[in-house]
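Enquirer: To start, I am sharing the structure in question, which I have written as structure tokens.
The values are calculated or read from the model by the stated rules, or taken from the named source; none is laboratory data. Since the structure is predicted, the reported quantities are computational estimates derived from the model, not experimental observations. Methodologically, a virtual Cβ is constructed for each residue, glycine included, from the backbone with ideal geometry; neighbour enumeration extends over all protein chains shown.
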Amino acid sequence: MSEPTENFKKKNITPMASTVRYTVGHLFWGTIIVFAIASLALTVLAVMQPVKDDTGSEELTNNSDPELPTTFLEKILLGASKEALDVVLPDIEKLVEEAYKPVDDAIAPYADFHYSVPGQYIELTQAARGIMADRIHDRLFDGLSERLNDVASNVDEKFETAFEAALDAQIAELFEADQEGLPIGPLSDMVITDTRERLMLTAPIATTAVAVTAGASLKIASKTIASKLGLKVAAKVAAKQATKGGGALVGAGSGAALCSWAGPGAAVCAVVGAAAVWFTVDAAAIQLDEQMTRDEFEKDLNELVDDDKDFRTQKLKEALKKRAVAMDEGAKKALAEFTLKQLSDPETVALCQQSNALLTGYGVFQDDLRTRTSSAIEEYRRTLEELRNRKDSAATILAPLVMEIDKNLEMHGYGIEIKQIQLSGNFPSDYLGYRDLDGRLTLGDQTVTLERNTSTVEVEFSLQSPTNLKNLKINRKEPITIHMALIQDRRIFRDRMFGRSILIKEDEFFDAIPNTAGPQKTLNFPFNLALYESRDDFQVIDWRETSARRNANLRLDISGSSLPDIEKIPSCFED
Amino acid sequence: MLSSFIKAVGSTAFLGLSLYLWRVGYHFSDWAILALLPMAVLLFFGSWPLIIDPWKERLHLALLPQSPLSRLLSGKFRTAFLAMTFVFVSVALLAWQCLTASPLQATILLMLVFTAGFSFSWSQDFLVRHFRQPFARYWATSLGTWLVAAPFTLIIAWITWSSESQPGEMLTATFQEALKIGIDQLPARRGLIAELLSWLYAYDAAKLWLVIQYKEYRMLAVFFSLDAALLGFVLARASIIITNFIGMHMNKRPK
């Protein structure tokens, strides 16, 4: 063995150094033993007792516990938000009702105030000063904003509790068989813990629905009531002015005659008398007005408050649904994982190309309403489903894109609304004439009244619905049946009833969509109008199969829901 | 051979238990950092002779004994600086990596620690027959580090590239979102340790984000994995320092 250099040797052989080293050596092995015991103790502690971290979520740290399959995790996470939504949604109405109870209770006292002489003058002054809305707000909606905030927080809390309960129940159900607690592997536990943590932060409605609960939005409701009330007060006062003007003059005249005994004070006596008459007439008028209109006034106020209540209930429900959707989105994202190998795998590149095709397909749905038949959308979505279910190396990279496309199609792909309807044509020659025409049309369970028009002998009749019809949607699940009725007003003679029911199958409907640009399309369905005794007799026909010469046309202006652009396209698709 | 084995086991047990205790304890409290303290102290004092002894020997050969520069060039300042730098970098890196390491990664890293310690000890026993100390130890340190860390770096890089799961939300995240995803992996508890670690988590997330943006360049993903694997060099050196420390303190009871 070689000797150390002289310099090195000298430094390393002192007895003192040897003693220190011996002691340090013992310390080293001692530290290892202490660490081993501490590690064992902490591991046992972590396994035996779920540890609460600062966020209050439970953390399990046993690495040997089994991981839950991704599909199962997805099922329980998505199921939890749905269950929580089912539990909490029905409660919102009750909670809002409770928040509005003081408002409902304040209506009768407000009516008392409104139908009082001082109340009337105060309202008049407030209207003149432009502060009526503020005062109404104080009297009716005082504290409502805070109560609605409490409702929002309460709903959030209930949702979180229900979500956690649903999650726990689903996990507990999984392990019911062996009754060994919740042995979840660290990765699965991380996803669940992450979901619990996100629960507090994801779109709480106390934050997102602030526009619904804020005092400023209630002021709008107060203003609506104030403007309606202002008109009533003004009308009432104007009506009374005429009555009371005469009354006061009479009061002053008769007062002067009655006060002649007062000598020099006769003038003052006359003014007091006139004022007394003025207020007496006023009080009598208000009492009469109250008798006649108080019920209606309270009913109007109740309706306005109920409208406001419904509006806010609806908005809170929407906010909660959005919260549930946001939770689902987060869970889906958290579940999608990938490796770097997958990222640059040739298989991924191939999959990217396949997804480019998917994006192209989505673009076709976006641009051309004609392509959005149920069968085409379903087929396309089946492809998406297949991609989602693929467990090979690269499918996960496309998961967010696939999920976004699928969500867009589910929410907007099937939606077609009828915006306007026009019925035009000619009656059989025997029935032509200069007549007023009324028309009505039933589509599914909805009825549309057409605007009255006149038919002549020379020009074909044309009846239209109001523009921009609301919520008249095509139900794709069954053939569209449209019942049409036209009533020819013959004044002193009995009216004539014309009509037809037509049946349009989905493929016929889509075939009729013209190849024009834009989301708004006009569809024409020619048919044969016939004379009937009553609307119940209308013969239902498949419009394509009518062989008789068509003398009328049904025009539908439709609009498809626009499909949103894909927000998060993975970078390989961006070029 | 048996002595080398015992030293390597000691080194592996010490590093493994320190880091495991930190990993488990950090979920409970910031005080878990105490588990890293003995490791830091040991790495500092263990590095000392490995750095200063070769320096002094070189200086002894190069500098004339009567030169007043010998007091200035004692090498203590340089050694303290290098040892402290290594301690800071290695403890921070190891603490960070062991918080996120998967069981597979942890197993491989422990194998690396053991192999590095064993190969250092064995090669020192071999080299000491041919070289004077402290040069035998100096060469054994380099040899042990490179011979073990280089292949293990490739193994770790391969595992990182092919098996380690990355969060799917990174695929569509913006840069800021990516940083947030990275930092969110820390326990929600704030504190000085979390602040320090957040830089490392953010760095890792930024790196992953870059790889995703340029995923068509496969080499970038390979570099990402290699970068993650460079930890192997730090760990191998730490193992060697501790193995050497054990070797120096495994003397028999002084008489």
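Enquirer: Tally time: how many residues in the range B:72-91 are part of a helix (DSSP H, G or I), surrounded by fewer than 16 Cβ atoms within 10 Å (Cβ to Cβ) and not aromatic (F, W, Y)?
Expert: 7
Enquirer: Can I ask one more? Can you say whether B:S4 is touching a residue at least 24 places away in the same chain (Cβ under 8 Å) and of a type in the set (S, T, Y), as far as the supplied structure shows?
Expert: yes
Enquirer: Does A:T449 meet the test of being more than 30 Å from A:T373 (Cβ to Cβ), in contact (Cβ under 8 Å) with a residue 12 or more places away in the chain and part of a strand (DSSP E or B)?
Expert: Taking the combined requirement at face value, the residue satisfies it.
Enquirer: Related question: Take the range B:143-194 and flag every residue that is facing chain A (nearest Cβ under 7 Å) and in a loop (DSSP other than H, G, I, E, B).
Expert: B:S163, B:E164, B:S165, B:P187, B:A188, B:R189 - these are the residues of the range B:143-194 that are facing chain A (nearest Cβ under 7 Å) and in a loop (DSSP other than H, G, I, E, B).
Enquirer: B:F77 fails exactly one of the following numbered conditions: (1) modelled with pLDDT of 85 or more; (2) in contact with a helix residue (DSSP H, G or I) (Cβ under 9 Å, 6 or more places away or on another chain). What is the number of that condition?
Expert: The one condition B:F77 does not meet is (2).
Enquirer: Go through B:L43, B:L59 for me and flag whichever is surrounded by 13 or more Cβ atoms within 10 Å (Cβ to Cβ), farther than 21 Å from B:R190 by Cα and either modelled with pLDDT under 85 or facing chain A (nearest Cβ under 9 Å) (or both).
Expert: None of the others qualify; the one that does is B:L59.
Enquirer: Any residue that is under 20 Å from B:A228 (Cβ atoms), surrounded by 19 or more Cβ atoms within 10 Å (Cβ to Cβ) and more than 13 Å from chain A (Cβ to nearest Cβ) - is there at least one of those in the range B:125-142?
Expert: no
Enquirer: Which of the residues spanning the range A:479-521 are touching a residue at least 60 places away in the same chain (Cβ under 8 Å), surrounded by fewer than 18 Cβ atoms within 10 Å (Cβ to Cβ) and of a type in the set (S, T, N, Q)?
Expert: Residues satisfying the conditions are A:N515, A:Q520.
Enquirer: Scanning for something at pLDDT below 55, out of contact with any helix residue (DSSP H, G or I) (no Cβ under 6 Å at 6 or more places or on another chain), over 30 Å from B:W55 (Cβ atoms) and surrounded by 13 or more Cβ atoms within 10 Å (Cβ to Cβ), does the range A:37-50 turn up at least one residue?
Expert: Yes, there is a match, as at least one residue in the range A:37-50 is at pLDDT below 55, out of contact with any helix residue (DSSP H, G or I) (no Cβ under 6 Å at 6 or more places or on another chain), over 30 Å from B:W55 (Cβ atoms) and surrounded by 13 or more Cβ atoms within 10 Å (Cβ to Cβ).
Enquirer: OK, next. Of all residues in the range B:92-124, which are in a loop (DSSP other than H, G, I, E, B) and crowded, with 18+ Cβ neighbours inside 10 Å?
Expert: Within the range B:92-124, B:A101 is the sole residue that qualifies.
Enquirer: For the range B:1-20, how many residues meet the condition of being under 17 Å from the mean Cα position of the chain (by Cα) and aliphatic (A, V, I, L, M)?
Expert: Total satisfying the criteria: 6.
Enquirer: Take the residues in the range A:397-429 that are among the hydroxyl-bearing types (S, T, Y) and touching a residue at least 60 places away in the same chain (Cβ under 8 Å), then tell me which one is nearest to A:D565 (Cα to Cα).
Expert: A:Y414
Enquirer: Scan the range A:485-525 for residues that are under 33 Å from the mean Cα position of the chain (by Cα) and within 15 Å of A:T442 (Cβ to Cβ) and jot them down.
Expert: Matches in the range A:485-525: A:L503, A:I504.
Enquirer: Where residues in the range B:21-43 are free of Cβ contacts under 8 Å to residues at least 12 places away in the same chain and among the aromatic types (F, W, Y), which of them is nearest to A:L40 (Cα to Cα)?
Expert: B:F28
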